[in-house]
Structures are given as structure tokens and as C-alpha cells.
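Reviewing the structure listed below.
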Amino acid sequence: MLTQRQLFLRHQAQTSDSPVMVQIERAEGIYLYGENRRYVDLISGVSVSNIGHCHPEVVEAVKLQVDKYMHLMVYGEYVQAPQVLLSQKLCELMGGDFDNCYLVNSGSEAVEVAMKLAKRYSGKTGFVAMKNAYHGSTNGALGLMSDKSWTDSFEPLLPNILHIEFNNVESLDAITTDTAAVVLEVVQAEAGVVEAEPNFLTQLQARCKDAGCLIILDEVQTGFGRTGKMFGFQNYDFTPDIVVFAKGLGGGMPKGAVMACKDIMSVFMTNPVLGHITTFGGHPVSAAAALANIRVLEKTGVIATVDAKADLFRRLLQHSAIRTIRNKGLLMAVELEDGTKVRKFIAEAVSDGLLSDWFLFNDCSFRIAPPLTITEIEIEMVCGLIKRVLDR
Ligand code: PMP
């Protein structure tokens, strides 16, 4: 009989020629278990499992919802409690003018929706995006990526997208009256955790106001406590117009959301109607999971522990091989001498029971983004393991 690994290679579409291929049977808290061993998850499924894997309250919410109903009808037609309550909760958490929520399946879909909203609302077609940012893999979102080596093979993508230098105030001149929206993260995750400078955000907001264009903020990796606040932008004096969520929203279930004011969101209702439609967006089981996830984040106060935990990582990770550590909360990048060392570290770490990852646009750093529920004792254990791998 073929092993699962052999079947994986034979029948499951591959995305690289060197998949990690660890085989996992179950997951709990910060740990993944498989093949008679335990791995510490320093990736969180890429910033997804903020409250840990299989949190009992999320599991319970999923089970309860499955017993009531699963899919009923394309998103936005029937009144379904999990969708309604999740939308209400997200609006409450966002505050300000954000009184409308469009639930979708993923981060890429959320970005597509945000771009469509911006085009319709502004009547313009141009976008300005930041260099070294990742916003998704679909045709629209892919065009927001500056690095041609990732996008060339898929041209033509959307026209009228300019890529500017993150944190470079002069480059904001690219924002003009032809710009429908500027798309950015407040912490560029895939650039290897690069934080926005407050002055850049202030100038960007002023420039967008002058040019009459919208600000689309991508909170797909920074959302739901990862940076020490519920949302990344709450670390700054910065107000976007449209915000996209995914990953950490669903507590381990697939869920994305687009937040805006009703005035912006209502452009999807007319001319044409059904400006965006999605069968499974807002799936009730995922929505119930997301709601439970947010309640756990609020109830446990885990977000308030994030900065101290990040500081502990920084204090303990003293090693001659480490060049620098960049972080915003528990979104951390540990920079080594070069990409070869990073690849070697990641591969070696697996054999010591540590799952880390690289960044799309920074090959000199490896990722530390564990569930936010990691304890101090676990951080000490993880740092000991990291240093042991680095010693080798
Ligand atoms: N935006 C950011 C910042 C992301 O990191 C990602 C996924 N890595 C996306 C958007 C796209 O999300 P998804 O994979 O759910 O489509």
C-alpha cells in the first residue's frame, strides 16, 4: 500500500519541488503531533492559530453550529445568526465609521473585494501598492505584488498599479487623483516584519485625502492580536477606509472579511446588483468559529500578554549567528547572515521539533509567529531549541 507521503506526491497538487512533508495527526495549543513526535508551531499556519490549535471553545462552537445547519444559501441572502453576530462583533471592534462587514472565504478574496469596492466607489482604476508586500494569489491581488520574479509568468495582470517604496515619504507623490486606492499593511509581514513609520502613515493619509482616494489596509497577518493589539492599525494614529481580514479571524477555520462604512459597501447593491457574490463567504460554521475565537481573545486577555512575550523572546535569543530581530508583537523575523543559513536553520529545526518558515521577500530571516497563547516556560524551551540548532 502506498504511504500517505507517496499519495501526497502523486495526487495532491504541489506548490514547490521541496515540500516540508511533515505528517501531522493532531494539533493542540502550540503543538503539532505526528509520527511519534511533537513539533512546536512557530508559524501558526501563517498567522492563523492565534489562540492555539483546536481551542476547545472554537471546537465547541463548530460542533454546535454543525448540529444546527451548515451551508444554506449564497452569502447575503438569508439571515443567519453566526454571520449576523460576527458582522456585528467586527463592526463593534473596529469602531469609527466601520459599520459594515462583507464576509468572504479568504484573504485573497477579501483583497479582491476591497479593490472592486475602491474602483466602484471612486470611479477610478489606479492602485498604489507597497514594494515587498504580499496581498494574495488571485489575478487582482497578485498585481499588487512588486517583485516581478513572482508575477511575470502570470502577466497580463491588472493595469494601473504602481509600486512604491514603503516608508519613503517622497514616493507618496505617486498617489494622484487617478488613484482609486492605496493598499498597504501597517507591518509588512512578508518583507520580514517591517513596521510602518508613524510619519509615513500620517503623510500617506494626508496625501490620500488630498487626492480623493481610499486607503485599503491589509490586516490579514496583523489582525486579531498578533501585534499586541486586536488590530495592527490600532498601534498607530491611522484611519483606513477599507480593512481586510482573514487568517487569524477564523480561529483555524477559513474566514475572511472586508470592513467599511455602509456608504462604501453599498456600491455593490446597484449598477449592477450583486457587485460581489460568493457562495461560501460567511459560511455559518466558520462564522461561529470566528465569533468564538474573538470571544476567547477578549475573555482571556491574551493580547495584553503579547508584547511581554515578544520581549522575552528578544531577551533570550542572544546568539552570535543572529544579526538582528525585527518584530511587532509576536510577528517576529530573526535575521541570520544569509539565505543559505536560513534555509539550513529551517530544515535542521524540524529535526529538533521546531517548525519555522521563511519570508517571501526576505530570505535572510526566519519566522517566529507562534500562537499568542504560548507560555513563558514554552518560550524559554523554544529559545533553548533555537539556540541549539544555531550552534550546529
Ligand atoms: N494578505 C496578506 C498580508 C497575507 O499574508 C496573505 C496570505 N499569506 C493574504 C493577504 C492572502 O490570504 P489568503 O492566503 O487567505 O488568500
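Bear in mind these aren't lab numbers, they're just calculated from the coordinates by the rules spelled out. Predicted model, so just to flag it, every value in this text is computed and none were measured. A quick note on method: Cβ atoms are made from the backbone with ideal geometry, for glycine too, and the neighbour counts reach across all protein chains shown.
Please go through region 343-360 and give me each residue that is closer than 15 Å to Ala191 by Cα and either more than 15 Å from the chain's Cα centre (by Cα) or outside any loop (DSSP other than H, G, I, E, B) (or both), ordered by number. Residues satisfying the conditions are Trp358, Phe359. Close contacts from region 219-240, counting a first residue that is within 15 Å of Ser49 (Cβ to Cβ) and a second that is more than 16 Å from the ligand (Cβ to nearest atom), with Cβ to Cβ under 6 Å and a gap of 6+ residues or different chains, come to Gly225/Leu297; Gly225/Ile303; Gly225/Leu372. Taking (1) touching a Phe, Trp or Tyr at 6+ places or on another chain (Cβ under 7 Å); (2) within 28 Å of Ala287 (Cα to Cα); (3) in a loop (DSSP other than H, G, I, E, B) in turn, Cys91 satisfies each apart from (3). Screening the candidates Gly143, Gly95, Gly123 for the property of being free of Cβ contacts under 8 Å to residues at least 60 places away in the same chain, within 14 Å of the ligand (Cβ to nearest atom) and over 17 Å from the mean Cα position of the chain (by Cα) yields one hit, Gly143. Residues that are of a type in the set (S, T, N, Q) and under 20 Å from Gly248 (Cα atoms) within region 34-78 comprise Ser44, Ser47, Ser49, Asn50, Gln65, listed in sequence order. Across region 152-211, the qualifying residues are those that are in contact (Cβ under 8 Å) with a residue 40 or more places away in the chain, in a strand (DSSP E or B) and among the hydrophobic types (A, V, I, L, M, F, W, C), and the one among them that is farthest from Asp241 (Cα to Cα) is Val194. Would you check which residues across region 130-151 are among the hydroxyl-bearing types (Ser, Thr, Tyr) and assigned to a loop (DSSP other than H, G, I, E, B) and list them? Hits for region 130-151 are Tyr134, Ser137, Thr138, Ser146. Only residues that are closer than 18 Å to Phe231 by Cα, among the small types (Gly, Ala, Ser) and surrounded by 16 or more Cβ atoms within 10 Å (Cβ to Cβ): list them for region 277-327, please. Result: Ala290, Ala292, Ala310. Those helices (runs of 4 or more DSSP H) of region 222-316 in which at least 2 residues are within 16 Å of the ligand (Cβ to nearest atom), considering only elements entirely within it, cover 284-300. If I go through region 43-74 residue by residue, how many of them are surrounded by 21 or more Cβ atoms within 10 Å (Cβ to Cβ), more than 16 Å from the ligand (Cβ to nearest atom) and part of a loop (DSSP other than H, G, I, E, B)? So the count comes out to 3.
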